[in-house]
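The values are calculated or read from the model by the stated rules, or taken from the named source; none is laboratory data. What you see is a predicted model; the values in this text were computed from it and never measured. Every residue, glycine as well, gets a Cβ built from its backbone with ideal geometry; the counts of neighbours run over all protein chains shown. With ligands, DNA and RNA removed, areas are computed over all heavy atoms of the protein, side chains included. Shrake-Rupley method; radii C 1.70, N 1.55, O 1.52, S 1.80 Å.
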Amino acid sequence: ARGRALPAGSCPTVGIAGLALGGGQGVLGRAYGLTCDSVRAADVVLADATATTADDDLLWALRGGGGGNLAVVTAFTLATVPAPDLAVFTLTFPRGSAPAVLAAWQDWMAVAPDELWSTCVVSAGSPPGARVSGCLVGPPDAAGRLLDDLTRRAGARPPRTLRPYGYLDAMRWFAGCSTRSVPQCRAYAPQPFAAGSLVVERPMADSAAVVATVAGRRGVDLLFDSLGGAIARVAPDATAFPHRTALAVVQVYASGAGAGPVAEVRQALTGLVGAGAYVNYLDPAQPDWARAYYGANATRLRTIAARYDPDRVFDFPQGLTRL
């Protein structure tokens, strides 16, 4: 209503608290940072039932330390930006081209302007497929030139859709709610799925091997969501979110409720992309979860947890009181 926005997620049923507390990646992340980077203050109820405003240490931990830890957040103060117009695009590549598309995509995003965000989706099959979608904070003609560069790198000219949207309509599009009102979108119940994550900590040297992890499978997607830009201009220890220098977060997504394929694919991918993981995809089978979620920030988080929750009121198997 006031023409303002903040970099948020794109899943319509995810709440602002869980999103921000775990970091909060989304389609405006490269332009404006993570959701947690917009958090300026938080009102909380502590483990001893004290209601207060988070001090510097606690606020640091709440910006990326994950939900369910340290305190109950009852209110956020968030910085906003002018709600931008976006050029939204999708390119669907022919099956069999996924290795070339993934290799081209990571090189393309490495030199992309901050205003560009995209996701490269590798879909299981024989052979796997690939599509790239995303948005540019800017006009469609500028986005078109960037997409021409991607297709040149990939050696293909796939069908594309490219159109301008106002901010709210663009976010409804990314949420799969273009034909629904905002209240309907909030109430929309997606189909069951299982998901895990890895952080692409280094360039993927063998895109064919990455794609091969889903070859011959059914119902599994690898969603490579680009990082960089404004996200990377924040130091890894400035907030609890440690993956500032990573190229992307990859979601391993399986339709249906079964988590078996997710664990298998995640394990196969680890040696190809890195062992980091995104705390907003808590995974009970995540190996070395403290390092995967928090990296070098785990030590400071352990100290803060001991101070604010010495009796382990906020406790769960991958909670900060277990560090």
Exercise. Relative to the present Cα-Cα distance, how much length would full extension add between residue 111 and residue 303 at 0.36 nm per residue of separation?
Worked result: 65.3 nm
Problem set entry | Estimated vicinal HN-Hα couplings, Hz - the range 265-282 in sequence order (Karplus 6.51, -1.76, 1.60; Gly, Pro = x) | 5, 4, 4, 5, 7, 3, x, 9, 10, x, 9, x, 8, 9, 5, 6, 10, 3
For this session: Under 1.5 on a/c is rounded, so check that first for the range 100-233, then, if it is not, pick prolate when a/b is larger than b/c and oblate when it is not; a ≥ b ≥ c are the square roots of the alpha carbon gyration tensor eigenvalues.
Result: oblate
Seminar exercise, completed: Interchain or sequence-distant (5+) residues whose placed amide H lies within less than 5 Å of the amide H of residue 227 are 248, 249
Problem set entry | Potential lengthening between residue 275 and residue 245 on full extension [0.36 nm per residue; Cα-Cα distance subtracted] | 9.4 nm
Exercise. So how much slack lies between residue 191 and residue 141, counting 0.36 nm per residue of separation and subtracting their Cα-Cα distance, in nm?
Worked result: 14.4 nm
Exercise. Which parts of the range 123-157 would a label at residue 92 reach, counting a residue when its backbone N lies under 13 Å from a point 7 Å out along Cα-to-Cβ?
Worked result: 129-133
Exercise. Ignoring any ligand, DNA or RNA, what whole percent of the accessible area of the chain comes from carbon and sulfur when the probe is 1.4 angstrom?
Worked result: 54 percent
Exercise. Within the range 181-198, whose backbone N sits under 18 Å from a point 7 Å along Cα→Cβ of residue 163?
Worked result: 181-182
Exercise. Which FRET efficiency, nearest 0.05, do residue 315 and residue 43 yield, Cβ-Cβ r, R0 30 Å?
Worked result: 0.85
Problem set entry | DSSP-assigned coil residues among chymotrypsin sites (Phe, Trp or Tyr not before Pro) in the range 136-197, each with at most 16 further Cβ atoms within 10 Å | 188
Exercise. With contacts defined as alpha carbon pairs under 8 Å and 6 or more residues apart, what's the relative contact order of the range 142-252 in percent?
Worked result: 26 percent
Exercise. So what's the gap between the Cα centers of the range 281-307 and the range 35-83, to the nearest angstrom?
Worked result: 18 Å
Problem set entry | Distance-filtered residues of the range 300-322 - backbone nitrogen under 19 Å, label point 7 angstrom along residue 237 Cα→Cβ | 300-307
Problem set entry | Three-way shape label, the range 33-164, alpha-carbon gyration tensor, a/c 1.5 | prolate
For this session: Round to a whole angstrom and tell me the spacing of the C-alpha centers of the range 146-205 and the range 84-141.
Result: 9 Å
For this session: Could you calculate the FRET efficiency of residue 4 with residue 55 from 1/(1 + (r/R0)^6), where r is the beta carbon distance between them and R0 is 30 Å, rounded to 0.05?
Result: 0.65
Exercise. With the Cα gyration tensor of the range 209-323 giving a ≥ b ≥ c as the square roots of its eigenvalues, does the rule (a/c under 1.5 for rounded; else a/b larger than b/c for prolate; else oblate) give rounded, prolate or oblate?
Worked result: oblate
Exercise. Taking a probe of 1.4 Å, how large is the accessible area per residue of the chain, in Å²?
Worked result: 44 Å²
Seminar exercise, completed: Taking Cα pairs closer than 8 Å and at least 6 residues apart, the relative contact order of the chain in percent is 21 percent
